[in-house]
Amino acid sequence: MSPLIADDLSIDETMLTVDGLRLRVLMAGEGPPVLLLHGFAVNADDWRPTIARLVKAGYQAIAPDLLGFGRSDKPGGDAYSLHHYADLHAGLLDALGLDQVALVGHSMGGKLALATTILHPTRITRVLIADSEGFMQIPLFMRKGGTLPWLGEAILSLTSRPGLIRMQLNAAFANPQQYVTPELIERGRQTLSDPGVRQTMLALSRSYASTDLKASGLWPRLAAIKQPILIIWGAEDRMFPVKYAQLAHQALPGAQLVVIPNCGHFPMIEADAAFHGMLLGFLAGAER
């Protein structure tokens, strides 16, 4: 276990084996535990500012690299189903000796947070999802691309091109001129050039039926979630437009929805104060 320093905060980085698979996990703080699930094609480091906020407020923050991303194992095949991810997250809690956690998920991590809550409801106390995947119909070329070898490989060959990365990042932020830097583009290029990550992307495309809330059969169970749920969405998210926040709210009738103005797909970055204020307020509700 090696400590990584973010500002004046010491974050422990460790590799844990869960169900025979190694997961890189960032951990810091003491107090009620909060599990943070990142989005597609990034890693747990995206949560470092959130980890700092949680630790300062008296929580234990736990942020794994999702299976298939970052420095976690990338087994390929059918390992990326919603059911398997949910079981891995429950197994991670077992490995850490935790009975229950509050769960926070962004983008793809939001979909996984909901699946984990549905399939392991006794382990989750409350759920926050931000600009969540799972409510927008995935384009046909993405759903079918992985099943056609030539198309899947062709799509992958384009993903690491700096011009395409810049275009995607510009769509992710309401104010791209402030956030889309050469350093961020290079970080994206390095991630999307990783052969393991590229194979994860292809495997996810080939496993659409098991990675989609509707196709997997989990969609009807969303309405039965009993835990408190907060949905946060950037009003200017051009990746998952805000109309899908309304669809999420309809599918989760007991949830609270907050739309942040002048904010894109990454509210924890672009609306730092607002997002973390709402997160901490939501978590504090568990203690009253």
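The values are calculated or read from the model by the stated rules, or taken from the named source; none is laboratory data. It should be emphasised that the depicted structure is a prediction, and the values quoted were computed from it without experimental measurement. Don't worry about glycine lacking a Cβ; one is built from the backbone with ideal geometry, like all the others, and counts go over all protein chains shown.
Below is a table of values for the structure above.
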read-out: Subset of region 64-91 [within 15 Å of TRP47 (Cβ to Cβ) and over 14 Å from the mean Cα position of the chain (by Cα)]; value: ARG71, SER72
read-out: Some residue of region 101-111 being in contact with a strand residue (DSSP E or B) (Cβ under 9 Å, 6 or more places away or on another chain) and surrounded by fewer than 22 Cβ atoms within 10 Å (Cβ to Cβ); value: no
read-out: Subset of region 8-26 (residues that are more than 19 Å from GLY76 (Cα to Cα) and crowded, with 20+ Cβ neighbours inside 10 Å); value: ILE11, VAL25, LEU26
read-out: Qualifying residues in region 207-221 (those that are in a helix (DSSP H, G or I) and modelled with pLDDT under 95) - the one surrounded by the most Cβ atoms within 10 Å (Cβ to Cβ); value: THR211
read-out: Which numbered condition VAL42 misses (of (1) surrounded by fewer than 22 Cβ atoms within 10 Å (Cβ to Cβ); (2) modelled with pLDDT under 95); value: (1)
read-out: Residues satisfying the stated conditions in region 210-224, i.e. within 19 Å of the chain's Cα centre (by Cα) and touching a residue at least 60 places away in the same chain (Cβ under 8 Å); value: SER210, THR211, ASP212, LEU213, SER216, LEU218, LEU222
read-out: Qualifying residue in region 1-22 (condition: over 26 Å from ALA273 (Cβ atoms), modelled with pLDDT under 95 and within 13 Å of the chain's Cα centre (by Cα)); value: no
read-out: Filtered residues of region 45-78 (kept if buried (at least 19 other Cβ atoms within 10 Å of the Cβ) and either among the aliphatic types (A, V, I, L, M) or without any contact (Cβ under 8 Å) to a residue 24 or more places away in the chain (or both)); value: ILE51, ALA52, LEU54, VAL55, ALA61, ILE62, ALA63, LEU66, LEU67
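Matching residues to (1) without any contact (Cβ under 8 Å) to a residue 24 or more places away in the chain; (2) over 23 Å from PRO261 (Cα atoms):
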site	(1), (2)
LEU169	yes, no
ASN175	no, no
TYR179	no, no
GLU183	yes, yes
THR191	no, yes
PRO195	yes, yes
ALA203	no, yes
ARG206	no, yes
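Matching residues to (1) in contact with a helix residue (DSSP H, G or I) (Cβ under 9 Å, 6 or more places away or on another chain); (2) buried (at least 21 other Cβ atoms within 10 Å of the Cβ):
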| residue | (1), (2) |
| --- | --- |
| PRO195 | no, no |
| GLN199 | yes, no |
| SER205 | yes, yes |
| ALA223 | yes, no |
| ILE232 | yes, yes |
| LYS243 | no, no |
| HIS249 | no, no |
| ILE269 | yes, no |
| GLY281 | no, no |
